[in-house]
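The values are calculated or read from the model by the stated rules, or taken from the named source; none is laboratory data. Keep in mind it's a predicted model, so treat the numbers as computed, not measured. For neighbour counting, all protein chains shown are included, and Cβ atoms are generated from backbone atoms with ideal geometry for every residue, glycine included. Note: accessible area is taken over every heavy atom of the protein model, side chains too, but ligands, DNA and RNA are not part of it. Shrake-Rupley method; radii C 1.70, N 1.55, O 1.52, S 1.80 Å.
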Amino acid sequence: RSKPPMIRKYMVFMTPRVTKVCMKTLQARGVLGDISSIQSLHIGFIPFDSDVLSLETPKIWRETFVRNEISGLWDVAHSIMKLQLFFGAIPNICGKGEHAKTVVRLLQRMKAEADPEMLDSTVIEIDECVILDRTVDMVTPMLTQMTYEGIIDE
């Protein structure tokens, strides 16, 4: 006597978010019907040390500056918003460079759309946030031990 075939359903978590391209790819491969749930999993900053955070998005530079795809900038803004939920609203946020200013505009829009009570904190642990485009200063990370790799190494 043979067992009936097992019907499997899968849950898919995409990081940092579900995209139309991924959905079309799943549909083109014919696996969309096997998936019971598709969810976004925005991890945000990953702490490497008490004062070192990383988004771990190695392709963001190429996507943003070469392909002119700004969805990665939304991820940066979203992560800074999450940071403000834990450490209070950052009163001064400025950006130097075209894409950094885009992140600042996204943050302003997200803040305007957010529940005021979420960011209303009397304790402000971060006074200022300066966002720099790599195009504004591409050399500095190569001149000092205070690069991402250097900080982890120490």
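Average accessible surface for the chain: 75 Å² per residue, computed with a 1.4 Å probe over protein heavy atoms with every protein chain in place. Surface composition of the range 1-64: carbon and sulfur atoms hold 58% of the protein heavy-atom accessible area at a 1.4 Å probe. Secondary structure note: in the chain, about 25% of the DSSP beta bridges are antiparallel. In terms of Cα atoms, the Rg and Dmax of the range 67-108 work out to 10.5, 34 Å.
Applying 0.36 nm per residue to the separation of S71 and I46 and subtracting their alpha-carbon distance, the gain on full extension is 7.1 nm. Placing +1 on the Cβ of every Lys and Arg and -1 on the Cβ of every Asp and Glu, with no other charges, gives the range 48-114 a dipole of roughly 280 debye about its Cα centre. Solvent-accessible surface (1.4 Å probe) assigned to F65 amounts to roughly 60 Å². Estimated purely from DSSP H runs of n ≥ 4, each contributing -39500 (n - 2.57), the mean residue ellipticity at 222 nm for the chain is -10500 deg cm²/dmol once divided by its residues. Simple rule: put +1 on each Lys or Arg Cβ and -1 on each Asp or Glu Cβ in the chain, find the dipole, and look at G30, L41, I124; the Cα lying farthest toward the positive end is G30. For I124, the accessible area of its heavy atoms, probed at 1.4 Å with every protein chain present, is near 80 square angstrom.
Segment E56..V130, full-extension length gain: 24.7 nm, with 0.36 nm per residue of separation and the alpha-carbon distance subtracted. Hey, what does the equivalent ellipsoid look like for the chain, semi-axes from the Cα gyration tensor as sqrt of 5 times each eigenvalue, largest first, whole Å? Over the Cα atoms of the chain, the semi-axes work out to 35, 21, 17 Å.
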